[in-house]
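Could you have a look at this structure, given as structure tokens, before my questions?
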Amino acid sequence: MSTRVSTKSFLPLLNIEKETKRWNQLYKVMTEPKPDIIPTPRKCVWKKNKTTLWYHPAKEKKHAVPVFLVYSLLNKVYILDVGEGSSVVGGLTERGYDVYLLDWGTPGLEDADLTLENYIIDYLEKALKRAIRHSGAKEISLMGYCLGGTMAAILASITSLPIKNLVLAAVPIDFSIGTVPQKWLDGIQKGELSFDRFANAYQTLPSEFLYLMFKLITPLNAATMANLYTRAHDEKYVEKWRRMDKWTKDAQAFTGAAFKQFFNDFYKENKLLQGELVMDGRKVDLKNIKCPLFVFSCSRDTLIAVKQSLPIMDLVSSEDKTYEVYEGGHVSLVLTGVFAEIMDPWLSTRSHDLQEVRS
């Protein structure tokens, strides 16, 4: 008795030429130098210590109210201007907005004592004031992403500066829940886990630590590598992937004082949600926010859960407020180029058409 095994049914699945090309492309992407990040046309209009305020003029100005963008202290800001077709900044300037982007810069050991309070009062508020003066506008729209959204909401609740609109994306408000390991949250909230000694020892936390921390709490690496393999033939996707990979590995240092305040005041005591946070002698009460508010989250966000953002809708006094959930992840939504598309329909109707102002 003989046994014959036919390979006929398997041959159509085995396209050696196609697979070879895919693997060659994958190897090329992983070994070639990281791409240069070319920002949207800009100029520096204010600087303090390591922090720079960039002004990006509209290609054809249509709106009288400029937009001020705030990103997290934990990562580098160029994710909001990472390249043509993916840039939040570029998408807004193409739609007729003047854009101001706050670049926190990279802190050194000499900045170890800078707290979140310093960043919000001495840097963010002053930069926002400078943007308003530079633009000549009577009001400005403030947009914050991730922890930058938390900082923007805090400032909006205590400042007297004329904020016309507030836009918050993937913003953590309730720190009693999150995507960090539950054991970490429980340990922090019970006082069993503290980062104070660690922060005191390093003074300014090295970027390598922040990179490793994010790798521990986010299952991004395997998924992004699988996506790269399956779409290695797509040149546009590969270029976006390379930019994201560069940004992901280009981690940011973090001052020890800000790190301690972040974990103690927010994760441990949840002071923002409880209304117990104080900045520069000013009580942070989100009820003081009365301007139009647009908040949106990402359905597949592995860093900021929808439940972390949603409580702000009940805490503000804004009558004009909108909350939306969009398909995407924490970073992928920025890289798809739809970020500005999400903001524009809501923002354009609340930013004064330039022709109407001139008439």
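The values are calculated or read from the model by the stated rules, or taken from the named source; none is laboratory data. These figures come from a predicted structure and were not determined experimentally. FYI the Cβ positions are ideal-geometry reconstructions off the backbone, even for glycines, and counts take in every protein chain you see. When the accessible area is computed, the model is the full protein with side chains, heavy atoms only, and any ligands, DNA or RNA have been set aside. Shrake-Rupley method; radii C 1.70, N 1.55, O 1.52, S 1.80 Å.
Any residue in the range 250-264 that is at negative phi sitting within a Cβ distance under 6 Å of a residue that is among the small types (Gly, Ala, Ser) and at pLDDT 90 or above? List the pairs, counting only those 6 or more apart or interchain.
Cβ pairs passing all conditions: Thr255/Ala112; Gly256/Ala112.
Being open to solvent by less than 60 Å² (accessible area, probe 1.4 Å) and assigned to a loop (DSSP other than H, G, I, E, B) is the filter; apply it to the range 18-37 and report the residue that is modelled with the highest pLDDT.
Only one residue fits best here, namely Ile37.
List every residue pair whose Cβ atoms lie under 8 Å apart, where the two residues are 6 or more positions apart in sequence or sit on different chains, the first residue falls within the range 311-331 and is under 19 Å from Leu347 (Cα atoms), and the second residue, located anywhere, is among the polar types (S, T, N, Q) and part of a loop (DSSP other than H, G, I, E, B).
Hits for this filter: Val325/Ser299; Tyr326/Ser299.
Assess whether Met313 counts as being farther than 16 Å from Thr150 by Cβ, aliphatic (A, V, I, L, M) and assigned to a helix (DSSP H, G or I). First the steps, then the outcome.
Details: farther than 16 Å from Thr150 by Cβ: no; aliphatic (A, V, I, L, M): yes; assigned to a helix (DSSP H, G or I): yes.
So Met313 does not fit the description; no.
Picking from Lys129, Lys59, Lys50, which residue would you name as being touching a Leu at 6+ places or on another chain (Cβ under 7 Å) and open to solvent by 60 Å² or more (accessible area, probe 1.4 Å)? Walk me through how you get there before you give the answer.
On the way: Lys59 fails: touching a Leu at 6+ places or on another chain (Cβ under 7 Å); Lys50 fails: touching a Leu at 6+ places or on another chain (Cβ under 7 Å).
Exactly one of Lys129, Lys59, Lys50 is touching a Leu at 6+ places or on another chain (Cβ under 7 Å) and open to solvent by 60 Å² or more (accessible area, probe 1.4 Å), namely Lys129.
Would you be able to say whether some residue in the range 258-269 is of a type in the set (Lys, Arg) and crowded, with 16+ Cβ neighbours inside 10 Å? Even if it seems obvious, please write down each step before you answer.
From the range 258-269, those of a type in the set (Lys, Arg) are 260, 268; that's our starting set.
Imposing the further condition that a residue be crowded, with 16+ Cβ neighbours inside 10 Å reduces the set to 260, 268.
Yes, that holds for at least one residue.
Results for (1) free of Cβ contacts under 8 Å to residues at least 24 places away in the same chain; (2) hydroxyl-bearing (Ser, Thr, Tyr); (3) not in a loop (DSSP other than H, G, I, E, B), shown as yes or no for each residue.
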{"position": "Leu69", "(1), (2), (3)": "no, no, yes"}
{"position": "Ile79", "(1), (2), (3)": "no, no, yes"}
{"position": "Gly83", "(1), (2), (3)": "no, no, no"}
{"position": "Gly90", "(1), (2), (3)": "no, no, yes"}
{"position": "Gly96", "(1), (2), (3)": "no, no, no"}
{"position": "Glu110", "(1), (2), (3)": "yes, no, yes"}
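Specify the residue that is farthest from the chain's Cα centre (by Cα); the eligible residues are those in the range 62-120 that are aromatic (Phe, Trp, Tyr) and farther than 25 Å from Val284 by Cα.
Looking only at the range 62-120, we keep the residues that are aromatic (Phe, Trp, Tyr), and these are 68, 71, 78, 97, 100, 104, 119.
So of that shortlist, the ones also farther than 25 Å from Val284 by Cα come out as 78, 97.
Values: Tyr78: 10, Tyr97: 19 Å.
Filtering first and then ranking leaves Tyr97.
Check Thr93, Thr150, Thr106 and return the single one that is open to solvent by 10 Å² or more (accessible area, probe 1.4 Å) and at negative phi. I'd like the intermediate steps shown before the answer.
Values: Thr93 fails: open to solvent by 10 Å² or more (accessible area, probe 1.4 Å); Thr150 fails: open to solvent by 10 Å² or more (accessible area, probe 1.4 Å).
Only one candidate passes the filter, namely Thr106.
Determine, yes or no, whether Ser317 is among the hydroxyl-bearing types (Ser, Thr, Tyr), farther than 30 Å from Phe195 by Cβ and in contact with a Gly (Cβ under 9 Å, 6 or more places away or on another chain). Explain how you work it out, then say what you get.
Numbers: among the hydroxyl-bearing types (Ser, Thr, Tyr): yes; farther than 30 Å from Phe195 by Cβ: yes; in contact with a Gly (Cβ under 9 Å, 6 or more places away or on another chain): no.
So Ser317 fails the test.
Right, something else. For Asp113, state whether it is surrounded by fewer than 19 Cβ atoms within 10 Å (Cβ to Cβ) and at pLDDT below 95. Walk me through it before giving the result.
On the way: surrounded by fewer than 19 Cβ atoms within 10 Å (Cβ to Cβ): yes; at pLDDT below 95: no.
No.
Of all helices (runs of 4 or more DSSP H) completely enclosed by the range 230-308, which ones contain at least 2 residues that are of a type in the set (A, V, I, L, M) and under 30 Å from Pro345 (Cα atoms)?
Values: elements: 235-249, 256-261, 271-274.
Filter on the range 230-308 gives 235-249, 271-274.
Let me ask another. Mind listing whichever residues of the range 241-257 are open to solvent by 10 Å² or more (accessible area, probe 1.4 Å) and at pLDDT 90 or above?
Ala257
Quickly run through the range 159-179 and pick out the residues that are crowded, with 21+ Cβ neighbours inside 10 Å and either in a loop (DSSP other than H, G, I, E, B) or of a type in the set (Val, Ile, Thr) (or both).
Step one: list which residues in the range 159-179 are crowded, with 21+ Cβ neighbours inside 10 Å, which gives 163, 165-173, 175.
Matches in the range 159-179: Ile163, Val167, Ala170, Val171, Pro172, Ile173, Phe175.
Okay, next question. What do you reckon, is Thr40 at pLDDT 70 or above and touching a Cys at 6+ places or on another chain (Cβ under 7 Å)? Lay out the reasoning, then the answer.
Working: at pLDDT 70 or above: yes; touching a Cys at 6+ places or on another chain (Cβ under 7 Å): no.
Considered against the rule, which asks whether it is at pLDDT 70 or above and touching a Cys at 6+ places or on another chain (Cβ under 7 Å), Thr40 comes out as no.
Here is a follow-up. Being surrounded by fewer than 21 Cβ atoms within 10 Å (Cβ to Cβ) and closer than 20 Å to Asn49 by Cβ is the filter here, so list the residues in the range 134-147 that pass it. Before the answer, list the steps.
Step one: filter the range 134-147 for residues surrounded by fewer than 21 Cβ atoms within 10 Å (Cβ to Cβ), giving 134-139.
Hit for the range 134-147 is His134, nothing else.
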